[in-house]
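The values are calculated or read from the model by the stated rules, or taken from the named source; none is laboratory data. No experiment lies behind these values; they were computed from the predicted model shown. Counting neighbours? That spans all protein chains shown, and the Cβs are built from the backbone with ideal geometry, glycine included. Side chains included, ligands, DNA and RNA excluded: accessible areas come from the protein's heavy atoms. Shrake-Rupley method; radii C 1.70, N 1.55, O 1.52, S 1.80 Å.
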Amino acid sequence: MISTLSAALLASTIIIPPGGAPGTTPPPDHITIEIVTVNGSGCPLGTSAVAVSPDNKAFTVTYSDFLAQAGAGTKPTDMRKNCQLNLKVNVPQGFTYGIASADYRGFASLMKGAKGTEKANYYFQGMSPTAYTSHVYNGPLADDWQATDTTEVAAIVYSPCGERRNFNINTELRVDVGTSDPKKTSFMTMDSTDGNIATTYHFAWKTCPGV
């Protein structure tokens with residue numbers, strides 16, 4: 001049921017001029033990310049994990065039980081699954097980060113007339129959330145799906161320099177039977193039981209004033 005992905009990470013290098021100009025060059029020291037809290041029907045405790053890319057340009061979130069389904073043999077609560085992650089991102093002093101883009105991937109099996117929806121947003125603790133972005137997939141469909149949300153450079157929100165603010169991620173999957181045969185089951189997943197499907201968040205880095 002589950003198929004593929006591995007984080008495709010940006011390989012280009014752009015020098016960050018002094019004075020806080022944004023770019024893609026990450027800090028030289030490796031960063032770490034810790035999951036502080038996990039909530040939601042799409043990510044029961046122990047079914048999500050976070051990993052930072054070796055070049056510090058992105059991090060991935062993998063799920064092993066993120067499945068929404070509707071139709072025959074399902075319960076009403078199965079049609080919508082969500083996950084809320086609160087992450088502690090440890091970055092070297094003198095740097096701050098935002099999210100330049102996010103890649104969401106999974107697998108969908110949607111009967112003709114059924115619909116699947118992926119939506120997400122993210123924000124720093126104590127700051128306003130970004131607007132939810134939604135991607136809709138219509139049946140018939142039996143294939144991997146992928147959605148990318150990109151933020152314009154001028155609109156990237158950065159964690160305040162010198163402050164420790166956790167990073168919150170909200171994701172949701174929803175499947176509607178629509179006009180499909182109610183005797184059949186449709187589903188959509190962000191699952192990664194084979195370790196290959198992940199959500200990838202690409203960092204935007206900049207130096208803090210005085211560095």
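For the reader, a short list of remarks on this structure follows.
- The alpha carbon radius of gyration of the stretch 32-205, expressed as a multiple of 2.2 N^0.38 Å, is 1.08.
- Listed peptides 92-104, 44-56 by packing density, highest first (mean Cβ within 10 Å): 92-104, 44-56
- Here the Karplus relation 6.51 cos²θ - 1.76 cosθ + 1.60, evaluated at θ = phi - 60°, turns the backbone of the stretch 52-63 into coupling constants of 8, 5, x, 8, 6, 9, 6, 9, 10, 10, 10, 10 Hz, with x for every Gly and Pro.
- Accessible carbon and sulfur surface of the stretch 32-205 relative to its total accessible area, %, 1.4 Å: 50 percent
- Rolling a 1.4 Å probe over the heavy atoms of the protein chains gives the stretch 74-113 an accessible area of 39 Å² per residue.
- Anisotropy class of the stretch 114-211 from Cα gyration tensor, a/c 1.5 cut: prolate
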